[in-house]
1. Would you check if ASP30 is charged (D, E, K, R), under 19 Å from ARG92 (Cα atoms) and out of contact with any strand residue (DSSP E or B) (no Cβ under 8 Å at 6 or more places or on another chain)?
2. Only one of these is crowded, with 20+ Cβ neighbours inside 10 Å, farther than 21 Å from CYS409 by Cα, in the same structural domain as GLN219 (by TED's automatic domain parsing) and of a type in the set (A, V, I, L, M): LEU289, LEU245. Name it.
3. Being within 16 Å of ARG319 (Cβ to Cβ) and among the acidic types (Asp, Glu) is the filter; apply it to segment 157-176 and report the residue that is surrounded by the fewest Cβ atoms within 10 Å (Cβ to Cβ).
4. Applying the selection to segment 354-367, what residues are at pLDDT below 75 and within 19 Å of PHE380 (Cβ to Cβ)?
5. Out of everything in segment 208-230 that is among the aliphatic types (A, V, I, L, M) and part of a helix (DSSP H, G or I), what residue ends up being surrounded by the most Cβ atoms within 10 Å (Cβ to Cβ)?
6. Within segment 154-189, which residues are among the polar types (S, T, N, Q) and closer than 17 Å to THR201 by Cβ?
Amino acid sequence: MSEAIEALLACENSKAFAKLFKEQQKEFKDPLSFAAPLARYLCRRVYQRYYDDNAPHTFFGLAAAVNALPGFPEDRKWWPIVQQTWHAANSRRRNPWAGNGDETSPDAGRDDLFKAYCKATDSGDFGSAWNSSRHLLSSPEQRDWFRTHSLKRCLEDTFEDGIKLLFLDQCWRLAESLGWGDAEGILFPALHLVTLAPQETELGRIARRHAPGNHVLAQTKKLADDEYSSLEREFLFAPSLEEGLQVLGSLTQKGIGWEGCWDFIQLAAAQMVGNSKPGRWSSAVRAFLFAHTARKLTHSLDESALPRVLARAAGVVARASLGSREGDENRDLESLARSLCPTDTFATLRTLVSHSDPFASANAVSAILGMDESKHSELFESLATLAAKNDGWKGNGYDLLLVQAAVECYQSSTSEHRRKFLMNTAFLLGRMPKSYQLFGAYGVK
């Protein structure tokens, strides 16, 4: 199997790649069965010697593709996999990692193994960190405990808008999707990044000062829809991180509870995605995904840690907005889009995104959301396939995850503003640079 994968990844011509991929595709019953050997081949070959503000996305994109599969219709489930395989074929790969570190005794207890893991990650000793993590994967119970605690630890490091949490979470999800086969290898790329990339904990220290008390967990009030817009502007256009975080205090003083605060942060983060300037959209999307991932992770954390996680998510979004926003006010997708392109069909949505008309793309989504609710699932699938159609290095998997998270947020929200999740997603998909080199050769129109 490795020889077939090597041949596929050696294809630099899109037509030759598409032809060979289709031949190999016939040998597998479904995309997941193809993704498993591809992941095992790539996982130890995509590390970097040094990490800066350009983290590698080859394996991240593959993990995102597998984890996004539930959002695709049956006849298009191969799309994200072929997209990210072509991405891998055009990415740098190294010789399989062959290093080692201080060997942790396999007889050590769970807590001692995790202490060794933490010490190694803090000191940048990847070999030792990986050895400890391999022992922590030795049983399902210990593995699940390590999953929670390794992700919890990543919540504290907000390097590159929380990429460490996002990457590790994607790899854990990928390992689970692949039935835990070679779990240590699947986790390898993320653990390598977690250990060797620069640490960034200053935002966490600032956010801690603005964390609400535990009383927020008992409060149940939600922000009134007519109060939302002014607080959103105050949050997203604050002149500093500190002033942005003060909005969290304003919410809790109004009696807004745990769920209401999270709803506000995620809605504002979706708007931030639409507000982002072309060269900084990935920062905005990462911050949105960080907040979404952090919120899901809170279900497995102790109550005492919850207010700090809420504040840290708010801080990541506020800081990303400072660095990514294009103007001094929210981009008005509703009224401006209608004036530019009054259309409402699915075919038009696909055309608008493909031809990079972001405002009209957002308007098409708005129109579809106004249709019968039975059309919504088709909209979700359309957004997913539009993200997968673009060549993988344009979105690096963030576009796939953005669609997935936006759909989940839309479905769970009760706010009258919840269309923000999908409209801003469509706007970004329409605005992103496009390359249809692969899918032209793959035979997709």
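The values are calculated or read from the model by the stated rules, or taken from the named source; none is laboratory data. Since the model is a prediction, treat every value here as computed from it, not as a measurement. Virtual Cβ from ideal backbone geometry, glycine too; neighbours counted across all protein chains shown.
1. no
2. The match here is LEU245.
3. Step by step, filter segment 157-176, then rank; the result is ASP157.
4. Within segment 354-367, just SER354 meets the criteria.
5. Result: VAL216.
6. The one that is among the polar types (S, T, N, Q) and closer than 17 Å to THR201 by Cβ: THR158.
For every residue, the table says whether it meets (1) at pLDDT below 95; (2) out of contact with any helix residue (DSSP H, G or I) (no Cβ under 6 Å at 6 or more places or on another chain); (3) farther than 26 Å from GLY274 by Cβ.
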| residue | (1), (2), (3) |
| --- | --- |
| PRO189 | no, no, yes |
| VAL194 | no, no, yes |
| ASP225 | yes, yes, no |
| GLU234 | no, no, no |
| PHE237 | no, yes, no |
| LEU241 | no, no, no |
| GLN246 | no, yes, no |
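Here is a yes/no grid of residues against (1) surrounded by 20 or more Cβ atoms within 10 Å (Cβ to Cβ); (2) under 27 Å from ALA291 (Cα atoms):
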| residue | (1), (2) |
| --- | --- |
| ASN131 | yes, no |
| SER138 | no, no |
| TRP145 | no, yes |
| THR148 | no, yes |
| CYS154 | yes, yes |
